[in-house]
1. From E39, E14, E27, grab the single residue that is out of contact with any strand residue (DSSP E or B) (no Cβ under 7 Å at 6 or more places or on another chain) and outside the structural domain of K118 (by TED's automatic domain parsing).
2. Test L86 against the stated conditions and say whether it is assigned to a helix (DSSP H, G or I) and of a type outside the set (D, E).
3. As an exercise: evaluate Y88 against (1) within 30 Å of C113 (Cα to Cα); (2) touching a residue at least 40 places away in the same chain (Cβ under 8 Å); (3) open to solvent by 100 Å² or more (accessible area, probe 1.4 Å) and give the number of the one condition it does not meet.
4. Given the options E69, E83, name the one that is in the same structural domain as A108 (by TED's automatic domain parsing), more than 16 Å from the ligand (Cβ to nearest atom) and at pLDDT 95 or above.
5. Here is a list: I36, I46, I5. Which entry is under 19 Å from the mean Cα position of the chain (by Cα), within 16 Å of the ligand (Cβ to nearest atom) and over 25 Å from L122 (Cβ atoms)?
6. Take G56 and tell me if it is within 30 Å of I5 (Cα to Cα) and either touching a Lys or Arg at 6+ places or on another chain (Cβ under 7 Å) or outside any helix (DSSP H, G or I) (or both).
7. Mind telling me which of the residues L24, L17 ends up being within 16 Å of the ligand (Cβ to nearest atom) and open to solvent by 80 Å² or more (accessible area, probe 1.4 Å)?
8. Given the conditions (1) within 16 Å of the ligand (Cβ to nearest atom); (2) at pLDDT below 85; (3) open to solvent by 70 Å² or more (accessible area, probe 1.4 Å), and given that E54 satisfies all but one, which numbered condition is not satisfied?
Amino acid sequence: MLKTIYTCPHCGSEDLLADAYVHLNDEDDVRTFDDITCESCGAKGIDPNTERVEAGPPTNVEFVTDLMERSRRGALIQAFVLEALLSYASKVAEGKPEDFDSGMIHGAAWHDCGVELKEKLLARFA
Ligand SMILES: [Zn+2]
């Protein structure tokens, strides 16, 4: 998996910030401007160098985000993933904690994850 790294053309630092406009009443409304600043050397208005690097396997959070955002069925996949989560969380929540004991997992903790996730999903759909 490749990702793009931006670096300062003056000092090579990866600590770059882009000016952004954030709508106070709509947190999804974020627009970045062209004014990029280097945190390390203080250069402003730079045109960063770019480098494609091997990023290694995605984290679990990145993987789940990717499941939700990229599908040949478009946004329908989001309803599917949430339905799948609710289905498994409900199955665990309705079981007995000791049913989920295993060498690696404490059944009570696994059961409690199911209860928590089911509660959150039902509240979301309410
Ligand atoms: Zn710099």
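The values are calculated or read from the model by the stated rules, or taken from the named source; none is laboratory data. Everything numeric in this text was worked out from a predicted model, so none of it was measured. Glycine gets a Cβ as well: all are built from the backbone with ideal geometry, and neighbour counts include every protein chain shown. Side chains are part of the model used for accessible areas, which takes the heavy atoms of the whole protein and leaves out ligands, DNA and RNA. Shrake-Rupley method; radii C 1.70, N 1.55, O 1.52, S 1.80 Å.
1. Selected residue: E27, the only one of E39, E14, E27 that is out of contact with any strand residue (DSSP E or B) (no Cβ under 7 Å at 6 or more places or on another chain) and outside the structural domain of K118 (by TED's automatic domain parsing).
2. Answer is yes for this residue.
3. Y88 satisfies every listed condition except (2).
4. Values: E69 fails: at pLDDT 95 or above.
Only one candidate passes the filter, namely E83.
5. I5
6. On the way: within 30 Å of I5 (Cα to Cα): yes; either touching a Lys or Arg at 6+ places or on another chain (Cβ under 7 Å) or outside any helix (DSSP H, G or I) (or both): yes.
Taking the combined requirement at face value, the residue satisfies it.
7. Testing whether each residue is within 16 Å of the ligand (Cβ to nearest atom) and open to solvent by 80 Å² or more (accessible area, probe 1.4 Å) leaves just L17.
8. Looking at each condition in turn, E54 falls short on (1).
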